[in-house]
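Everything on this sheet refers to the single structure shown next.
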Amino acid sequence: MKRKTCLFIFIGAVLLGLPVSSIPASGYNIFGSNCRFDPANDYDGLGIGVLTTDPLYNSNQAFSTTSGGNAWNTVMVPQFTTVSYSSSTRDVRVEWGNLGASVGGRTTYWCGSGHYSQDPLFEWGANQTYYVSTADRRKVIAIHELGHTYGMNHNNSTSCNPSIAGLMYTDVVVKTNTCGWTVPTADDVNGAIDAHNG
Ligand SMILES: [Zn+2]
């Protein structure tokens with residue numbers, strides 16, 4: 001009687017274990033603990049400084065940078081704020097560049113010791129049209145690039161399951177087209193938290 005009970009428990013554990021282990025818990029990827037904002041500066045938020053004198057400056061893209069920051073601010077701390085480009089409380093540089101015909105945005109970052117060694121640079125692609133042709137496309141590009149600034153790398157899951165996939169997909173506009181996403185998914189948020197605090 002005693003052995004039979006043990007056998008039942010063993011089989012039950014195996015059956016319960018299979019479906020749990022076959023479903024990925026998350027899909028996000030992070031750069032690592034040396035490639036993130038300095039957590040010691042969280043108290044004054046994450047200052048976004050836009051180079052308004054950039055020769056390639058575009059007001060629609062500048063506005064969408066704020067829209068992307070606001071989308072993160074509804075689900076994540078520390079929150080993005082708007083500061084002048086030359087502000088001492090700036091944490092992200094936003095500029096424009098000729099990035100090629102298929103690039104809507106790009107983020108460059110410099111890993112340091114426990115945090116970035118200098119402010120990450122978010123550049124808008126200035127010489128292409130498709131990716132910046134609608135407000136939603138510009139917004140998700142800003143969410144994606146600001147996601148990089150939190151310290152996230154790409155999540156290349158093609159799924160529309162928001163617990164394992166999100167807007168950190170390499171081609172973020174594809175995710176909006178196929179999954180309807182215009183705000184960070186649960187996986188994006190989990191990744192941002194892990195990237196910033198991990
Ligand atoms: Zn990217």
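For the reader, a short list of remarks on this structure follows.
- Scanning the stretch 127-136 finds no residues that are touching a Pro at 6+ places or on another chain (Cβ under 9 Å), at negative phi and within 14 Å of the ligand (Cβ to nearest atom).
- Residues that are surrounded by fewer than 16 Cβ atoms within 10 Å (Cβ to Cβ), within 16 Å of the ligand (Cβ to nearest atom) and modelled with pLDDT under 95, drawn from the stretch 73-109: G100, S102
- Failed condition for G112, given (1) within 15 Å of H196 (Cα to Cα); (2) within 11 Å of the ligand (Cβ to nearest atom): (2)
- Scanning the stretch 142-171 for residues that are within 15 Å of the ligand (Cβ to nearest atom), free of Cβ contacts under 8 Å to residues at least 40 places away in the same chain and of a type in the set (A, V, I, L, M, F, W, C) returns a single hit, L167.
- Here G100 meets each of (1) within 18 Å of I48 (Cβ to Cβ); (2) touching a strand residue (DSSP E or B) at 6+ places or on another chain (Cβ under 9 Å) with one exception, condition (1).
- Residue match in the stretch 11-25 (condition: modelled with pLDDT of 65 or more, surrounded by fewer than 18 Cβ atoms within 10 Å (Cβ to Cβ) and either among the aliphatic types (A, V, I, L, M) or part of a helix (DSSP H, G or I) (or both)): yes
- Matching entry among A186, A135 (being hydrophobic (A, V, I, L, M, F, W, C), touching a helix residue (DSSP H, G or I) at 6+ places or on another chain (Cβ under 7 Å) and in contact (Cβ under 8 Å) with a residue 12 or more places away in the chain): A135
The values are calculated or read from the model by the stated rules, or taken from the named source; none is laboratory data. Worth saying up front: this structure is predicted, and the values here are computed from it rather than measured. Here Cβ is always computed from backbone atoms with ideal geometry, including for glycine, and neighbour counts include all displayed protein chains.
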